[in-house]
Amino acid sequence: MMTCNKKTNQPLRLLTDTRGFTLIEIMVVMVILGILAGLIVPRIMDRPEEARRTKAAIQIQSIEQALKLYKLDNGIYPTTEQGLQALVEPPSVGRLAKRWREDGYLEKGRVPKDPWGYDFVYISPGLHGDFDLMSYGPDGEPGGEGNDADINNWEIE
């Protein structure tokens with residue numbers, strides 16, 4: 001015999017299993033979540049630094065392109081003394097640019113800072129090519145290892 005709801009005339013469902021989770025089951029789930037967090041969180045936390053290093057490499061490549069355009073127009077790269085500022089305003093020292101572009105060579109009319117807020121280092125003529133362009137990384141000092149390692153234009157593929 002089945003019991004029915006008097007108003008809707010539909011069968012009533014009887015609760016047969018009213019058991020909840022035991023303390024042991026909850027503890028096992030908590031341990032598993034803790035282990036997963038211990039494995040995943042360090043990998044996620046390292047990503048912002050990796051993103052900054054990638055951004056610095058992209059910025060270096062962009063500045064390299066601007067320097068090549070400068071050379072195409074003027075026959076030479078800016079000197080170390082003129083620096084990267086020669087890409088946003090005509091140089092006033094050293095060998096002057098004869099055909100400097102009116103809008104400059106960098107977007108936004110300014111030399112960008114690296115992702116850590118430091119100036120890029122520019123040397124021309126360079127030790128590794130026509131010019132060396134680098135970011136000293138988060139420590140702002142030459143050299144370093146791991147995340148503090150320099151990002152150099154001659155090492156970027």
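The values are calculated or read from the model by the stated rules, or taken from the named source; none is laboratory data. In this text, all values refer to a predicted model and were calculated from it rather than measured experimentally. Ligands, DNA and RNA are excluded from the accessible area calculation, which covers all protein heavy atoms including side chains. Shrake-Rupley method; radii C 1.70, N 1.55, O 1.52, S 1.80 Å.
Kirkwood hydrodynamic radius of the range 56-157, from the reciprocal of the average inverse Cα-Cα distance over all distinct pairs: 13.9 Å. Summary of the geometry: the range 44-74 and the range 124-142, compared by the centres of their Cα atoms, lie 12 Å apart. 3J(HN,Hα) couplings calculated from phi for the range 55-61 with the Karplus curve 6.51 cos²θ - 1.76 cosθ + 1.60 (θ = phi - 60°) are, in sequence order, 4, 4, 5, 5, 4, 4, 5 Hz; Gly and Pro show x.
Working note: Karplus 6.51/-1.76/1.60 with θ = phi - 60° gives the range 139-156 the couplings 7, x, 10, x, x, x, 10, x, 5, 8, 5, 5, 10, 10, 5, 6, 9, 7 Hz, where Gly and Pro are set to x. A 1.4 Å probe run over the protein chains yields, for the range 67-112, 66 Å² of accessible area per residue, whole-number rounding.
For the range 112-157, the normalised intensity computed at q = 0.18, 0.24 Å⁻¹ comes to -0.51, -0.86 (log10 of I(q)/I(0), Debye sum over alpha carbons, equal scatterers, no solvent).
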